[in-house]
1. Tell me which of A:LEU68, A:VAL35, A:LEU7 sits at the most positive position along the dipole axis of segment A:3-81, charges placed on C-beta atoms (Lys, Arg +1; Asp, Glu -1).
2. Given a cut-off of 21 Å, name the pairs among A:LYS46/A:LYS124; B:LYS26/B:LYS200; A:LYS26/A:LYS141 whose C-alpha atoms lie farther apart than that in the structure shown.
3. Would you give the gap between the C-alpha center of segment A:214-229 and the C-alpha center of segment B:166-191, rounded to a whole Å?
4. Taking A:LEU134 in one copy and the same position in all the others, each labelled 7 Å out along Cα→Cβ, what are the pairwise distances from the first, in nm, shortest first?
5. Give the shape of segment A:3-81 as rounded, prolate or oblate, defined through the alpha-carbon gyration tensor: a ≥ b ≥ c are the square roots of its eigenvalues, a/c under 1.5 means rounded, and otherwise the shape is prolate if a/b is larger than b/c and oblate if not.
6. Would you kindly calculate the mean projected area, averaged across all directions, of the convex hull enclosing the Cα atoms of segment A:104-161, in square nanometres?
7. What FRET efficiency comes out for the pair A:THR196/B:ALA110, r = Cβ-Cβ distance, R0 = 45 Å, nearest 0.05?
8. Tell me which trypsin sites (Lys or Arg not before Pro) from segment A:69-118 have a DSSP coil assignment and no more than 11 other beta carbons within 10 Å of their own.
2 protein chains.
Amino acid sequence: MTVERILHHFPLDPASRQVRLVLGEKRLAFTEVSVRYWERPRELTKMNPSGMVPVLVETPAGGAPLILCEPRAIIDHLDETVREPPLFAPDPVERAEARRLISWFEGKFAFEAGGYILHEKIEKRLLGLGAPELANLRQGKEALKNHLFMLDTLLQAREWLAGRRLSLADFAAAAHFSVIDYFGDMPWREFPAVKTWYMKMKSRPCFRPLLNDRWPGLHPAGHYDDLDF
Amino acid sequence: MTVERILHHFPLDPASRQVRLVLGEKRLAFTEVSVRYWERPRELTKMNPSGMVPVLVETPAGGAPLILCEPRAIIDHLDETVREPPLFAPDPVERAEARRLISWFEGKFAFEAGGYILHEKIEKRLLGLGAPELANLRQGKEALKNHLFMLDTLLQAREWLAGRRLSLADFAAAAHFSVIDYFGDMPWREFPAVKTWYMKMKSRPCFRPLLNDRWPGLHPAGHYDDLDF
């Protein structure tokens, strides 16, 4: 069945990037609409009352559009309707581990590390709230190192974050890191196992569109789109 | 296959309650271990590095224990391994709507409403941080009303939160509301459709254990365990 897909997203939003990676991994074509969500556009709140991106609109040929809001709803729907490649290993232990890590990134990591850095580097710029507060940036970067230390330890013993199989946990983590990396704030050299893993992620075809993202006034670090960084 | 289940939880934690409701709904017996998570007990961080409850340990007869951390991992695992009753309707539209609402409660609702109220009423008490700040409580209760208004509108047109079928969205919402209701802070009378829905939820057998919860020094409102409130 042919399905037309339109993704409403913001290129430097980790949740939007996670959905783009999943669409790419499942080789699903889609039309992109870049949304200035911080201006609270009416078309966005009409689709998603929470006012957040990403929103995916799926329209089957001759059918009614299905409006999918919030990353979990979008991704679970895609994984249920387009089975290949699956986003979770068949092994229940690896599935549980992948989901633990996804919650870790959406909760603890975003709260302690990513949120601080992206608020200072992106949101303040977009909202015209002035220059980044250095104390907040420092706090975010300190927390980032603690999280990377934990992941480096995991990745010294595993090929992928949740175990032997690539899973949604890898896309969730890579989506968060890739935005921080846009600003050159990932201390790759201190965490070699994470760096090796990220090189593998960055080389996947689904990653290519993210490496081409540019936002006016926000310049990426020199190595941002370099596969051999 | 016989599986022994031990749930490490805190009775007044919405995430723990959501898992208890799911275990109850699927008629799965389990042993409860009440955890004072705010004291950061070593046994808890050994199981779950994030230091959060709930944690479910499943041990199949003669097998190795599986430690499930974070509500999403626990609940998805239970729904995949114990199919009846399913936690999502078969209809993709209802599934997507249920997942949108679950994200709403875990994100927006907890951030704007529930988190304020529970921090002031529970966490400050447990951590010895003094009396509730009235301005924060007021802000949380104002936000709560906005959320309830939105849900009341939904429930005027639907039997359950996501549509025609009971789903995990109902358990997620009821778990959050039930803790606020413990403190008598749910303005039921102003939102009759939400109240009718909550009466149905409260009457389900899976809800019974929650209504028996009591925590030393934190007294429930008089109507808390009343099915006809």
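1. The residue sitting most towards the positive pole is A:VAL35.
2. From the list (A:LYS46/A:LYS124; B:LYS26/B:LYS200; A:LYS26/A:LYS141), the Cα-Cα distance tops 21 Å for A:LYS46/A:LYS124; A:LYS26/A:LYS141.
3. When both Cα centres are located, 46 Å separates them.
4. Computed spacing set for this position: 4.2 nm.
5. Note, shape of segment A:3-81 comes out oblate.
6. For segment A:104-161, averaging the hull's shadow over all directions gives 4.3 nm².
7. Values: r = 36 Å, r/R0 = 0.80.
With R0 = 45 Å, the Cβ-Cβ based efficiency is 0.80.
8. The qualifying sites are A:ARG83.
Quick note: the coordinates plus some simple rules give every number you see, no bench work behind them. Everything quoted here is computed from the prediction, not taken from an experiment. Every residue, glycine as well, gets a Cβ built from its backbone with ideal geometry; the counts of neighbours run over all protein chains shown.
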